[in-house]
Amino acid sequence: MSGKPSVARIYSGFARGTDCVISELEVSVTPGIPTFSVIGLCDSSIRESHGRLVSAISSAGFKMPKGHVTINISPAYMKKSGSGFDLAMAMGILFASGQIRFDPERKVYAEGELSLDGNVKGTPGAALRLNKARNSGFSCILIPEEERISARCTGFEGQCVKDLAEACSVFGYKGYTPEHFDLGNIVQYPAERIDISMLKGQEKTRRALILSAAGFHNMLLLGSPGSGKTMAAGILSGILPPLDSDETGEVYALYEAVDGTSARISGERPIRSISPDITPGKLLGNTVSMTPGEMALANHGVLFADEIMEYPSKVLDLMRKPLEDREVRLFRDGISYVYPANILFVGAGNPCKCGMYYEPGSRCRCTAGTRRRYLNRLSGPFLERIDIFSEMRSIGKEDMALMYADGKNAESPQIRERIAECWAMQKERYHEKTFNSCFTSANPADSMRISKDILEYCSELASKGLFSARGYQKTLRLARTIADYEGHSDVLKSDVSEAAVFRAHEL
Amino acid sequence: MDYSEDEMKDFYYTAVRMTTKTDYRVVRELFDLGVIRSHRDMYDLAGRPVNEIEDYGLSNMSFRRVTEWIESNGKVERACEEYMKIAKENGISVISCENSSYPVNFRVLSGMPKVIYCRGDKELLKRCSAKGSAAIVGSRNASRYALYATDRFASDLSSQGITIVSGMALGVDRKAHEAALKGNGSTIAILAGGPDNIYPSENRELYKQIVGKGLIISEMPPGQQPLRQYFPSRNRLIAGLSDCTLIMEAGANSGTLHTASFAASQGKEVFVLPNSIYFENAEGGLKLLEDGCCVLLSTDSVIDAVSQAIIRRKMENPGLEDEPEMKPADKTAKKEELGKIRLKADKTPDEVTDEEWNTLIEDELSAKPLDIDNLCRALGLPFYRISELLVGLQLSGRVVLENGKYALTFL
């Protein structure tokens, strides 16, 4: 053997937050006393792979080369972890030692963890990695059989392998036989949802839910215990249009990274409920493990915060920035990690300490002072993120009876279709996937088709104290959504007045 | 409109009073000495030679003034012609104390003008005597509360057939006229300037309505500008014409207080709307209450006062003709109308106008404040319609949002 080491190149990937990096593995085998070293800021889960590699290679009928085996995983300055490099490392060793004939022109991507008997197993975050690998121009992609579902969600081409031997046969007698993965019919839609007709006699909340869904407007529901606030969140999932295929993939990828392959694949928008005891790490994401938080998991869906008054104000204020930017930003080691968080925030809570403020009669026993102190738990800047306010009351006897008497005709499907149309209108108007609630522009009135006298009317309403001056923009946006839902091409006066009803609140 | 000779003499009388120094004292002296029996005789007096006048035994000052007037009679006649010309153009009629239609309330008081000029429905003066009248006056920049109360009292009283008398100023006066006109009640506006002179000009539209359905009165001749000093005198007429006076809001130095003191000195009931003692613009009204005016609590006490005045008037003037009985526009009529709108809302909801819906909403809210969900159910209207109407009502100050419920405006 000459002094020139034989080097093989192969590719794999690892996830960093929701961001994925494709890494190049260089494997060199040089003669000498057998050593094994992995370099490139790898943690122990990668360094430990030596044991798995030795056993798996011999199980597949090959031999671990005798000599210095050095594996360099680039980019070398990034910290890496996970056992997903095993397959690529094993293949690289076999290429470098000449046990498998290897065409250097071929760009090979491989991922998967090896077991001692040579089987290839999937690792979390597959969907994220495959999404990246899909577009990186590999001529050959090998993934574990277990990652088939993730592959289908990202919609790419490659080959699934069961064990190391099968992976090697791709370069031998069998050849590379890629298959195309797509979603097909694996997406499930839940059949049973709470229908919006359950909100009989609560017209305002009903309308609030519809508008909130139609324009992705953040909403705050205040009402007594038992008035159906939690149910309202369930209803919302029934009137939101299903995820499109890109979104399904995105949502699945994130869930897969957290829950592994047991994650659901659903066309339904995620509804994440959080409770007041949530930690900042759980809400925004853990900066040590880089697990996405609830805000990221609710991407393209709903984040429902029940008992919003009980949240420590610190936690609520943490949500302010993500709600504004529509993304969660985490910092670790001076690097920022971005999780998209295009969420519809729904808060629900009591209107006062005893909760009976909106109930008929005088059942509330809070004084004005107690009530104000109670409501002060929501900070002004936080409330500024809320577009729709609605109060809820426990429903009356007649409505209760009516609700169960003619509860059969579901109204949600129709409303859902209408909302899907509204979304299409907004997409056309803003030429991108933006909703009325988050559209930003120097002069929004133009693109929203709001005429000057409507603007004047709106300022008149503001000056009469129907809503605060800072709620002016919000009112216009909401009015635009109402106009969309009602099918008005220009925003009408009546749209603005209705929007004003949802902005009127005593917080 | 052509004026009779008597009417021409009425104009002439006013011209004398307006253009010469012949004031009420001179006129009274002429009456006392038997020189004239009626103000119309002034016209004939001007034709007499000066030396004849010397024999009447007038005091020196009066004599000087009368001679001055007779010497400048040409000027007086020119003014008189000018008045008649303007009056003719604007359809203004003249009523003097010689006419049967001269208001009884003026006749029984001293110091009331002998000649008044009117524009509009003169029959209202008769109705005013037969059914009673109430003056509703107050501040020009009144609070929401006062305006609300004015609206309620004016419409309730006028629905009882009582004529609403006011001064067509901004604020309370305007509201009072509007409320009376809205309910097809009768209303009389007494102006400080000539009856053709719209003051303030913001009330042009209201003036037209009053000319159409009500009556404009002035003691000033046609064409006369409303001068500052005429306003207290006008307030005297408002108090004089009506059977009782309602003060809705008056600041410490408000002109409204003149009306109140005239009414009190004429022996008429003065009602004052109670208000907060910390509210600056209510000081004058509260002082009146302190001085013993009646507290305006409900329409009932006002109606009592008016009916007592009517009875007294009938006893003192047995010849007073009864106004042909009008269909009482009372509460049952209001109820009937509501019923009609309800029926319409049930059968053909599309034909119901916004104003009619507003009436229904206000009726629903009159019992107690309701939330928007309740209103939706009660009226069977879709949410977006209800919200539009409610915001409109909120904007016009008829409804407020309190504790998550909509309530009729109070304060």
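The values are calculated or read from the model by the stated rules, or taken from the named source; none is laboratory data. Source: prediction; values computed, not measured. Here the Cβ is made from the backbone with ideal geometry for all residues, glycine too, and neighbour counts use every protein chain on show.
So which of A:Tyr109, A:Tyr176 ends up being in a strand (DSSP E or B), out of contact with any Asp or Glu (no Cβ under 9 Å at 6 or more places or on another chain) and touching a residue at least 24 places away in the same chain (Cβ under 8 Å)? Working first, answer last.
Details: A:Tyr176 fails: in a strand (DSSP E or B).
Of the residues listed, the single one that is in a strand (DSSP E or B), out of contact with any Asp or Glu (no Cβ under 9 Å at 6 or more places or on another chain) and touching a residue at least 24 places away in the same chain (Cβ under 8 Å) is A:Tyr109.
Kindly evaluate B:Glu388 against the criterion of being facing chain A (nearest Cβ under 10 Å) and of a type in the set (Asp, Glu).
Against the criterion (facing chain A (nearest Cβ under 10 Å) and of a type in the set (Asp, Glu)), B:Glu388 qualifies.
May I ask you to verify whether A:Gly226 is crowded, with 17+ Cβ neighbours inside 10 Å, assigned to a loop (DSSP other than H, G, I, E, B), over 25 Å from the mean Cα position of the chain (by Cα) and in the same structural domain as A:Tyr357 (by TED's automatic domain parsing)? Break it down into steps so the answer makes sense when it comes.
Details: crowded, with 17+ Cβ neighbours inside 10 Å: no; assigned to a loop (DSSP other than H, G, I, E, B): yes; over 25 Å from the mean Cα position of the chain (by Cα): yes; in the same structural domain as A:Tyr357 (by TED's automatic domain parsing): yes.
For A:Gly226, the condition - crowded, with 17+ Cβ neighbours inside 10 Å, assigned to a loop (DSSP other than H, G, I, E, B), over 25 Å from the mean Cα position of the chain (by Cα) and in the same structural domain as A:Tyr357 (by TED's automatic domain parsing) - is not met.
Take the conditions modelled with pLDDT under 85 and buried (at least 18 other Cβ atoms within 10 Å of the Cβ) and apply them to B:Val391. Does it pass?
On the way: modelled with pLDDT under 85: no; buried (at least 18 other Cβ atoms within 10 Å of the Cβ): yes.
No, not satisfied.
Hey, any hits in segment B:110-120 for a residue that's in contact with an Asp or Glu (Cβ under 9 Å, 6 or more places away or on another chain) and without any contact (Cβ under 8 Å) to a residue 40 or more places away in the chain?
No, there is no match, as no residue in segment B:110-120 is in contact with an Asp or Glu (Cβ under 9 Å, 6 or more places away or on another chain) and without any contact (Cβ under 8 Å) to a residue 40 or more places away in the chain.
Check off (1) away from chain B (no Cβ under 14 Å); (2) surrounded by 15 or more Cβ atoms within 10 Å (Cβ to Cβ); (3) more than 26 Å from A:Gly349 (Cβ to Cβ) for A:Thr440 and give me the number that stays unchecked.
Here A:Thr440 meets the rest and fails (2).
Among the listed residues A:Gly260, A:Gly249, A:Gly285, A:Gly267, identify the single one that is touching a Cys at 6+ places or on another chain (Cβ under 8 Å) and at pLDDT below 90.
Numbers: A:Gly260 fails: touching a Cys at 6+ places or on another chain (Cβ under 8 Å); A:Gly285 fails: touching a Cys at 6+ places or on another chain (Cβ under 8 Å); A:Gly267 fails: touching a Cys at 6+ places or on another chain (Cβ under 8 Å).
Every option except A:Gly249 fails the conditions.
So, in segment A:239-296, of the ones that are of a type in the set (Val, Ile, Thr) and under 16 Å from A:Thr18 (Cα atoms), which residue ends up farthest from the chain's Cα centre (by Cα)? Write out each step before concluding.
Of the residues in segment A:239-296, the ones of a type in the set (Val, Ile, Thr) are A:239, A:248, A:251, A:258, A:261, A:265, A:271, A:274, A:278-279, A:287-288, A:291.
Within this subset, residues satisfying the condition of being under 16 Å from A:Thr18 (Cα atoms) are A:248, A:251, A:258, A:287-288, A:291.
Values: A:Thr248: 9, A:Val251: 5, A:Val258: 11, A:Thr287: 17, A:Val288: 19, A:Thr291: 12 Å.
The selected residue is A:Val288.
For (1) within 17 Å of B:Gly111 (Cα to Cα); (2) in contact with an Asp or Glu (Cβ under 6 Å, 6 or more places away or on another chain); (3) assigned to a strand (DSSP E or B), each residue gets a yes or a no:
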residue: B:Pro221; (1), (2), (3): no, no, no
residue: B:Gln224; (1), (2), (3): no, no, no
residue: B:Leu227; (1), (2), (3): no, no, no
residue: B:Asn235; (1), (2), (3): yes, no, no
residue: B:Ala239; (1), (2), (3): yes, no, no
residue: B:Leu246; (1), (2), (3): no, no, yes
residue: B:Ala252; (1), (2), (3): no, yes, no
residue: B:His258; (1), (2), (3): yes, no, no
residue: B:Ala263; (1), (2), (3): yes, no, no
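So which residues in segment A:181-221 are on the phi > 0 side of the Ramachandran plot and buried (at least 22 other Cβ atoms within 10 Å of the Cβ), if there are any at all?
If the condition is that a residue be on the phi > 0 side of the Ramachandran plot and buried (at least 22 other Cβ atoms within 10 Å of the Cβ), then A:Phe216 is the only one that fits.
Restricting attention to segment A:39-60, does a residue exist that is more than 21 Å from A:Ser6 (Cα to Cα), charged (D, E, K, R) and not in a helix (DSSP H, G or I)?
Within segment A:39-60 (the criterion being more than 21 Å from A:Ser6 (Cα to Cα), charged (D, E, K, R) and not in a helix (DSSP H, G or I)), the answer is yes, since at least one residue qualifies.
For segment A:485-506, give me the residue count where each residue is among the charged types (D, E, K, R), in a helix (DSSP H, G or I) and facing another protein chain (nearest Cβ under 9 Å).
Total meeting the criteria: 4.
May I ask you to verify whether B:Ile70 is touching a Gly at 6+ places or on another chain (Cβ under 6 Å) and not small (Gly, Ala, Ser)?
Criteria not met by B:Ile70.
Are any residues in segment A:458-484 within 11 Å of another protein chain (Cβ to nearest Cβ) and touching a His at 6+ places or on another chain (Cβ under 9 Å), and if so, which ones?
Of everything in segment A:458-484, those that are within 11 Å of another protein chain (Cβ to nearest Cβ) and touching a His at 6+ places or on another chain (Cβ under 9 Å) turn out to be A:Phe467, A:Ile482.
Could you figure out which of (1) part of a loop (DSSP other than H, G, I, E, B); (2) closer than 14 Å to B:Ser139 by Cβ; (3) among the hydrophobic types (A, V, I, L, M, F, W, C) isn't true of B:Ile277?
(2)
When the residues of segment B:342-377 are narrowed to those that are over 26 Å from A:Thr481 (Cα atoms) and over 39 Å from the mean Cα position of the chain (by Cα), which ends up nearest to the other protein chains (Cβ to nearest Cβ)?
Applying the filter and picking the extreme gives B:Asp346.
From the residues in segment B:342-371 that are in contact with a strand residue (DSSP E or B) (Cβ under 7 Å, 6 or more places away or on another chain) and in a helix (DSSP H, G or I), which one is surrounded by the fewest Cβ atoms within 10 Å (Cβ to Cβ)?
Applying the filter and picking the extreme gives B:Ser366.
May I ask you to list the residues in segment A:119-157 that are farther than 27 Å from A:Lys63 by Cα and in a strand (DSSP E or B)?
A:Glu157
Would you call B:Arg107 out of contact with any Phe, Trp or Tyr (no Cβ under 9 Å at 6 or more places or on another chain) and within 25 Å of B:Ala305 (Cα to Cα)?
It is true that B:Arg107 is out of contact with any Phe, Trp or Tyr (no Cβ under 9 Å at 6 or more places or on another chain) and within 25 Å of B:Ala305 (Cα to Cα).
I'd like to check something: does segment A:83-97 contain any residue that is in contact with a helix residue (DSSP H, G or I) (Cβ under 8 Å, 6 or more places away or on another chain), of a type in the set (Gly, Ala, Ser) and either in a strand (DSSP E or B) or more than 14 Å from A:Cys168 (Cβ to Cβ) (or both)?
Yes - at least one qualifying residue is present in segment A:83-97.
Testing B:Arg398 on (1) surrounded by fewer than 17 Cβ atoms within 10 Å (Cβ to Cβ); (2) under 38 Å from the mean Cα position of the chain (by Cα); (3) more than 9 Å from every other protein chain (Cβ to nearest Cβ), one condition comes back false. Which one is that?
The number of the failed condition is (1).
Checking the conditions here, which among A:Leu344, A:Leu318 is in contact (Cβ under 8 Å) with a residue 12 or more places away in the chain and closer than 25 Å to A:Gly226 by Cα?
Numbers: A:Leu318 fails: closer than 25 Å to A:Gly226 by Cα.
The unique qualifying residue is A:Leu344.
Please tell me if A:Asn443 is of a type in the set (S, T, N, Q) and either closer than 21 Å to B:Leu381 by Cα or in contact (Cβ under 8 Å) with a residue 12 or more places away in the chain (or both).
Considered against the rule, which asks whether it is of a type in the set (S, T, N, Q) and either closer than 21 Å to B:Leu381 by Cα or in contact (Cβ under 8 Å) with a residue 12 or more places away in the chain (or both), A:Asn443 comes out as no.
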